[in-house]
Amino acid sequence: MGPYVDSILPDPALPARTGIVVIGGGIIGASAAWHLARRGLAVVLCEKAYIACEQSSRNWGWCRQAGRDPREMPLIIESLRQWRELDGLLGSSTGFRSCGVMYVAESQSDEAHFAQWLAMAQPYDIGARLVHGAELQALMPGASRAFRTALHVPGDGCAEPQRAAPAIARAAQAAGATVLAPCAVRGLELAAGRVCGVVTERGRIACEAVILAGGAWTSLFCANLGLELPQLKVLASVLRTAPVAGPDVCTWMSDLGYRRRQDGGYTIARGSGHVIPLVPDSLRFLRPFWPTVRRELPTLKPRLNELSWFELTRARRWALDAQTPFERLRVLDPPPDAALNADAWQAMKRLYPAFREVAIVQQWAGYIDVTPDVIPYIGPVASLPGLTVATGFSGHGFGIGPGAGRLAAELATGATPVVDPTPFRLGRFSDGSPLVLGTDI
């Protein structure tokens, strides 16, 4: 069972026409709808279940520049600029605070890797630095052991995943957007080879453009359009605790990642190690994914699970007047991996003895949408004018969400993009460009 998510009151009526339809009510889709509505554009946000029902409410909540791939740096800088202003602009709390983010070095190799990343990040002047000795110990109060070095970005922060996307969606409504949930979009209508509308389970909406921000469902939606979008799912498991006094900085190490929550508890997970469901797309997209699989193989846990069966038996093509996979299974709500969560919990108690008497309040899991190079797709579909895709955020999407939503909105409307969208283009795996893997920090 996923975490409790703040609710919003959806709009009751399906409009016959709008300017832009946004498919997907996660933080990317909600942010895109908000940016469009703020510009006075007509927009409808369609979500098959409820706002932030999947990974947008199930992630760690980090909003970090630390460890970012160089291609994502301009977009995360824009996103953090927005995060710092969002509560005032939305008139509602996202839970954002600048608490800092830290990656702890556990070996000399880690230290060398962090130094290389700092050299890349230096021109961006984000305040990133290596911390040592007493300064590092002060950032980990109560820790049972000392570490030599950590990469620390004090201006980074965190927000509350169960609150942020709903707050943004409510602000989009207040600015004039229509939010429909539950309302699955079954497919697109075309005229002269261009998007002219969407068909939902509740009826048709004519429109001029569509932003597809469907998270882990996006590749399947594209398959019904005859578009191949290499994307797989990774199962990430999380637990949260009751309130306890402890460290404030979001911290990562190989066996542990933790964040202090606004409610005084902690969100805790393993720093590395994810379950990889074995599905038909695992073979279909093996070639583009193989370099990443080879690099990450020691930490991957291939599994046959309920998603394996669902994807084996679901249709990849369907008619728009029939039930779709999005209606058959509205929310991906997998059980958490008990072993991974137990490992993380034991690591937290070893590192911070004060947690030995703290209760675990809840555990959950979610599916991360991953691309072959661990960098998102954000851009127009060249073969289908009027369609813009924003997906594949590979576990980086929550923090980068406000900027990514803005970029998608600008690309969908022909506005000047806030950052160069070239690194995120959809065709980078088919245009002859070399595959450059994202950072493994």
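Residues of the range 414-428 include at least one that is basic (Lys, Arg) and assigned to a loop (DSSP other than H, G, I, E, B). Against the criterion of being part of a strand (DSSP E or B), open to solvent by 20 Å² or more (accessible area, probe 1.4 Å) and modelled with pLDDT of 95 or more, residue 189 qualifies. Exactly one residue out of 339, 344 is closer than 24 Å to residue 239 by Cα and buried (at least 17 other Cβ atoms within 10 Å of the Cβ): that is 344.
The residues of the range 234-274 that are open to solvent by less than 30 Å² (accessible area, probe 1.4 Å), of a type in the set (D, E, K, R) and part of a strand (DSSP E or B) amount to a single one, 259.
So, residue 51, is that one β-branched (Val, Ile, Thr) and surrounded by fewer than 22 Cβ atoms within 10 Å (Cβ to Cβ) or not? When the stated conditions are applied, residue 51 does not pass them.
Does residue 161 satisfy the criteria of being in contact with a Phe, Trp or Tyr (Cβ under 8 Å, 6 or more places away or on another chain), surrounded by 24 or more Cβ atoms within 10 Å (Cβ to Cβ) and closer than 21 Å to residue 7 by Cα?
Against the criterion (in contact with a Phe, Trp or Tyr (Cβ under 8 Å, 6 or more places away or on another chain), surrounded by 24 or more Cβ atoms within 10 Å (Cβ to Cβ) and closer than 21 Å to residue 7 by Cα), residue 161 qualifies.
For the range 228-254, a tally of residues being at pLDDT 95 or above, over 30 Å from residue 384 (Cβ atoms) and not hydrophobic (A, V, I, L, M, F, W, C) returns 8. For the range 297-315, what are the residues that are touching a residue at least 12 places away in the same chain (Cβ under 8 Å) and open to solvent by 80 Å² or more (accessible area, probe 1.4 Å)? If the condition is that a residue be touching a residue at least 12 places away in the same chain (Cβ under 8 Å) and open to solvent by 80 Å² or more (accessible area, probe 1.4 Å), then 303, 304, 306, 312 are the ones that fit.
Filtering 263, 255 for residues that are of a type in the set (D, E, K, R) and touching a Lys or Arg at 6+ places or on another chain (Cβ under 8 Å) leaves a single hit, 255. When residue 165 is tested against the conditions (1) touching a helix residue (DSSP H, G or I) at 6+ places or on another chain (Cβ under 6 Å); (2) small (Gly, Ala, Ser); (3) in a helix (DSSP H, G or I); (4) farther than 30 Å from residue 25 by Cβ, the lone failure is (4).
Restricting attention to the range 389-441, which residues are open to solvent by 20 Å² or more (accessible area, probe 1.4 Å), modelled with pLDDT of 95 or more and acidic (Asp, Glu)? 420 - this is the single residue of the range 389-441 that is open to solvent by 20 Å² or more (accessible area, probe 1.4 Å), modelled with pLDDT of 95 or more and acidic (Asp, Glu). Applying a threshold of 6 Å to beta carbon distances and a minimum spacing of six or more residues, or different chains, the list of pairs starting in the range 119-139 at a residue that is under 14 Å from residue 66 (Cβ atoms) and ending at one that is polar (S, T, N, Q) reads 126/65; 130/149. Of all residue pairs spaced 6 or more apart or on separate chains, those with beta-carbon atoms under 6 Å, a first member in the range 93-118 that is on the phi > 0 side of the Ramachandran plot and a second member that is modelled with pLDDT of 95 or more and part of a loop (DSSP other than H, G, I, E, B) are 95/159; 95/160; 95/262; 100/154; 100/156; 100/249. Taking the range 376-413 as the range and being closer than 25 Å to residue 232 by Cβ, β-branched (Val, Ile, Thr) and assigned to a helix (DSSP H, G or I) as the test, only 400 passes.
The residue list 154, 141 contains one member that is at negative phi and either surrounded by fewer than 16 Cβ atoms within 10 Å (Cβ to Cβ) or in contact with a helix residue (DSSP H, G or I) (Cβ under 6 Å, 6 or more places away or on another chain) (or both), which is 141. Of all residues in the range 239-262, those that are within 17 Å of residue 347 (Cα to Cα) have Cβ atoms under 8 Å from Cβ atoms of residues that are among the hydroxyl-bearing types (Ser, Thr, Tyr) and in a loop (DSSP other than H, G, I, E, B), 6 or more apart or on another chain, in 246/352; 247/352; 254/272; 255/272.
The values are calculated or read from the model by the stated rules, or taken from the named source; none is laboratory data. These numbers were taken from a predicted model, which means no experiment stands behind them. We place every Cβ from the backbone using ideal geometry, glycine too, and count neighbours over all the protein chains shown. Just the protein is used for accessible areas: all its heavy atoms, side chains included, with ligands, DNA and RNA removed. Shrake-Rupley method; radii C 1.70, N 1.55, O 1.52, S 1.80 Å.
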